Number of protein chains: 2
Amino acid sequence: MADGQPDGQETKRQRSGRTQRRESRMHGTEGVGRPYIVRNIPTYDILSEENLIRIETTADRILAEVGIEFRDDPEALELWRKAGAQIDGLLVKFEPGMLREVLKTAPAEFTQHARNPARSVRIGGRNVVFAPAYGSPFVMDLDKGRRYGTLQDFENFVKLAQASPWLHHSGGTVCEPTDVAVNKRHFDMVYAHLRYSDRPFLGSVTAQSRAEDSIDMARLVFGADFVDRNCVIMGNVNVNSPLVWDGTMTTVFRAYARANQASVIVPFILGGAMGPVTNAGAIAQSLAETMAGCALTQLERPGAPVIFGNFLSSMSLRSGSPTFGTPEPAIGSMVIGQLARRLNLPLRCSGNFTTSKLPDAQAMTESTMSMLAAVHCGANFLLHSAGFLDGLLSMSYEKFVMDTDLCGALHSYMDGVKIDDNELALDAFREVGPGNHFFGCAHTMANYETAFWDSQTADNEPFEKWEAAGSVDAATRANARWKKVLAEYEAPPLDEGTDEALRDFIERRKAGMQDAWY
Amino acid sequence: MADGQPDGQETKRQRSGRTQRRESRMHGTEGVGRPYIVRNIPTYDILSEENLIRIETTADRILAEVGIEFRDDPEALELWRKAGAQIDGLLVKFEPGMLREVLKTAPAEFTQHARNPARSVRIGGRNVVFAPAYGSPFVMDLDKGRRYGTLQDFENFVKLAQASPWLHHSGGTVCEPTDVAVNKRHFDMVYAHLRYSDRPFLGSVTAQSRAEDSIDMARLVFGADFVDRNCVIMGNVNVNSPLVWDGTMTTVFRAYARANQASVIVPFILGGAMGPVTNAGAIAQSLAETMAGCALTQLERPGAPVIFGNFLSSMSLRSGSPTFGTPEPAIGSMVIGQLARRLNLPLRCSGNFTTSKLPDAQAMTESTMSMLAAVHCGANFLLHSAGFLDGLLSMSYEKFVMDTDLCGALHSYMDGVKIDDNELALDAFREVGPGNHFFGCAHTMANYETAFWDSQTADNEPFEKWEAAGSVDAATRANARWKKVLAEYEAPPLDEGTDEALRDFIERRKAGMQDAWY
């Protein structure tokens, strides 16, 4: 086991999380959950230092010999020039070691503040934050099938996330609200996160001005001084893999960094398309692209928080379609985790991915494989923890329920195996003895309430009882559950003056704009 | 990473497995697969030595202070007495360290021979063997629902396992053939494994005479001398947890050991019923029970192969029903794996468990969680790798297909991330450069055939194409697949004289018996 990793010793926070769980059970609700997870299991490290260095050396050679293009952002080129990179037109090449040096100013851990301080999250180290899926144009449910997402759907998913004790973050574009003009929808999305959730959230990344609008709205809630000193909003940006950083993205993440807000820097590599088909090569590319993006945030504002992201995937040989939740990206994530820790940066990894078009067995095989990989590799921020179907294109109401249930199970999983006299239960064996059962023994009575994860969606009943209740499948149960949760949703309190200030800001800004639909 | 663990260096066997995969793809079939997996990823070790020792000390105190009852087997008590244990009626107590000393004669690795030598499996070390689920009284499919299993079902599952390139073992009681008398069905089961599969298999454990019949049938195939020197059949036996070894089980596993055949020694602990609700206590109990069983095989015949088994599970607080595929047993498995390796014994762990009554999203969430735990903890023999639904009570045709598909994915997963110049792909980056795609580049053309796991049951098509093809879910695809595989099944060749000898033996033995139905 790696040095300094947790091992059976529970922290004060975890004990209090458990007490909270017991309390919420006693009150018959799911409760509010923990603000985030502090993992009590080590990371799963699969490669030796020697092989990690071979990947890092390959990334360094890609950066030095092939280089990365920075398009449509002359200021970025100027920042690189000043930092000593070699510029040739749009192509930037980096001496080995240069980016690692620049990255030394990036924090290893930081807090993203929520408007409810009890919901603030700590990102980095042993901390794990689950956020909903991001970016689907479509939504799905069992009643109405697939259709384009609307603002109503967007608000529904923000409410469902807020109501789940097993998510920690409100996410960003939980679905595209396609009934609102492209140049205006960021106002409504940020407002929905601030109004219907009291958790941290992500702002717009589709244009520099929209990123700045998002940050301005956060300033109305948190105060401009607080925002300059603390992270309250983040932007999730994609590399245009292979080896291209687009100006839209770099101007956006530079805007977040300038405001001292965090960026999540994410290469999106489908092996065989935006990268090589071999895992080691795709990982080296991912490392090169992420380091360049993260380093540019530090040139913009040294010390700005930034997250080392990645998104590896594979391709079906038969159809040429992208595949998700497959074994190669899953095992590759473990290596990505080791590389991120060697850079001392917080890590974002893949969450619940699948190409299935239904919340069926395929969907949860692929999602569980992918989600467990993110947990094992040590990801600190798990975007896409709940909702995706259809190869990232659809946000499913039923899948959202299934995924948050899995997120709940992963809380217990990451608590690990605790070792103390109560857990070892020697007295219970003395009390019960050979051949008897533990149902009513003192140790069971003292521990059963908090002993096991209790799924809200699994059916554990005997066959006959399940059959008598209508032989309902998991998707149908999930359908009933999201409707119940939405019906019972209560908005967290929001200061009236703040709400008014937000609505005024949006009205004024929208008033000066023509609708744009692209 | 633990010392001496594999790390990115592929073995000759793996290379040849990959070549085989490519060849079978080129011929348009799934091919025969590898005889077993040699893992190229380390185990996932979560507890420190200090905490492992606390668990071991608790197990030692259970053995010394509480003891284990050995019922209805006076010879077992006599073996313990001679070995120096303290006997009080049926209760046996063991000085700390005594069982570890006895266990030193057990092999760390052994080969179970198949009648087709190319299918023999190596059990222990870095080797991983997948076997079908075991013991369900019921079978299920989408067409006919749940009903009692028959010999026809049994033969079908043996054929489906044989046809899958992703299983390595034919298993044992793949379902109960309830249409055959209880005292005669072991003949038909062993015959089916020998006739319809050429992989290794498990024999009867329901009575000493049936275990001996099973071994006698193996002698007809392998020769008595060979059987005395080599493992060709195994018996999977359960502890009567807590802390009771029943005479039926001990006389059975002593019969296997006497014949130099392997036993799998499995405590079955549902936390809160047959053990404490806390994970550490259940693990300590499991260790104590397993050590006692494994040690008794060594008193019967020092050096007989034996497998350290375990089966941890949890309970639903709301219904009192057992639950499977939940987080606590999954993370507990990692500790069990560490403990087995400290004893230098091959490990059996949980496979694909679920309480779902359908091959739906719940089924595969729970199965994937459980199966990945078995892979990560370093299990060498994964019984229950395919087929279970309904809390172990039903063998599902559709679930069998889904699970074997997951087993296939886990082959690629356990290959890990290989590191060499081809995998690192530096030349591909030089060839493709920033902003271009890798579809037709030389590196992709040279590697794409073997790059990614290619599921036979997942649907990765775009939504529109999937919808046009009928919006079929995973369970329906699995239904079509098992029918196709059964229809195309071809029995492996079996020497006619051997077949006749087996049928004669069965006829003679059955002729002297009255049907018994309990």
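With everything on Cα atoms, drop me the angle between helix B:151-163 and the longest principal axis of chain B, reported from 0 to 90° to the nearest 10.
50
List the lysines whose Cα sits under 30 Å from the Cα of B:Lys104, skipping any in the same chain fewer than 8 residues away.
A:Lys418, B:Lys82, B:Lys93
What is the Rg over Rh value, at two decimals, for the range B:119-184, using alpha-carbon atoms and the Kirkwood definition of Rh?
Reported Rg/Rh (Cα atoms, Kirkwood Rh): 1.05.
With labels modelled as points extended 7 Å from the Cα through the Cβ direction, what inter-label distance (nm, one decimal) is found for A:Phe439 paired with B:Thr450?
So the label points at A:Phe439 and B:Thr450 sit 5.7 nm apart.
With each pseudo-label sitting 7 Å past Cα toward Cβ, what's the A:Arg229-A:Lys144 distance in nm, one decimal?
4.6
Pop the C-beta distance of B:Glu464 and B:Ala64 into the FRET formula with R0 = 56 Å and round what comes out to the nearest 0.05.
For R0 = 56 Å, the calculated efficiency reads 0.25.
What does the helix-only formula give at 222 nm for chain A: each DSSP H stretch with n ≥ 4 adding -39500 (n - 2.57), the total divided by the residues, and the result rounded to the nearest 500 deg cm²/dmol?
-14000 deg cm²/dmol, from helical runs alone.
List, in the order given, every pair from A:Lys399/B:Lys357; B:Lys144/B:Lys184; B:Lys144/B:Lys510; A:Lys357/B:Lys357 whose Cα-Cα distance in the structure shown is over 25 Å.
The pairs that break the limit, which is 25 Å between Cα atoms, are B:Lys144/B:Lys184; B:Lys144/B:Lys510.
In nm, one decimal, shortest first: how far is the label point of A:Glu431 (7 Å from Cα along Cα to beta carbon) from the matching points in the other copies?
6.8
Let's test the formula: R0 of 60 Å, r as the Cβ-Cβ distance of A:Ala501 and B:Arg342. What FRET efficiency results, to the nearest 0.05?
It comes out at approximately 0.45.
Between copies, how close do the A:Asp228 label points come, placed 7 Å along Cα→Cβ, listed in nm from shortest?
Nearest first, the other copies' label points are 9.1 nm away.
Just to confirm my numbers, what's the Cα centroid distance between the range B:157-187 and the range B:270-345 in Å?
Their Cα centres are 25 Å away from one another.
Please report Rg (one decimal) and Dmax (integer) in Å for the Cα set of the range A:348-430.
Answer for the range A:348-430, Rg first and Dmax second: 16.3, 56 Å.
Tell me the angle of helix A:247-258 to the major Cα principal axis of chain A, expressed in degrees between 0 and 90 and rounded to the nearest ten.
So the helix axis and the longest Cα principal axis differ by about 70 degrees.
How much of the calculated P(r) for the range A:247-338 lies past 22 Å, in percent of all Cα pairs?
Summing the P(r) tail past 22 Å for the range A:247-338 gives 35 percent.
Taking the range B:215-276 on its own, what percent of its Cα-Cα pair distances exceed 15 Å?
54
Using the alpha carbon gyration tensor of the range A:473-518, what are the three equivalent-ellipsoid semi-axes (square root of 5 times each eigenvalue), largest first, in whole Å?
Each semi-axis is the square root of five times an eigenvalue, giving 36, 20, 5 Å.
Find how many whole Å separate the alpha carbon centroid of the range A:52-74 from the alpha carbon centroid of the range A:392-459.
46
Could you state the angle between the C-alpha long axis of helix A:397-414 and the longest principal axis of the C-alpha atoms of chain A, as a value from 0 to 90 degrees rounded to the nearest 10?
Helix A:397-414 sits at roughly 80 degrees to that axis.
With the label 7 angstrom out along Cα to Cβ, how close does A:Ala487 come to the same site in each of the other copies, in nm, nearest first?
Ordered by increasing distance: 4.5 nm.
What are the equivalent ellipsoid semi-axes of the protein assembly as shown, built from the alpha-carbon gyration tensor (square roots of five times its eigenvalues), in whole angstrom, biggest first?
51, 31, 27
Relative to the Cα centre, what is the charge dipole magnitude of the range A:294-379, using +1 at the beta carbon of each Lys and Arg, -1 at the beta carbon of each Asp and Glu, and rounding to the nearest 20 debye?
180
Read-outs: derived from the displayed coordinates by stated rules, not from any lab. Just so you know, these numbers come straight off a predicted model, no measurement behind them. Quick reminder, even Gly has a Cβ in these numbers, built from the backbone with ideal geometry, and neighbours come from all protein chains shown.
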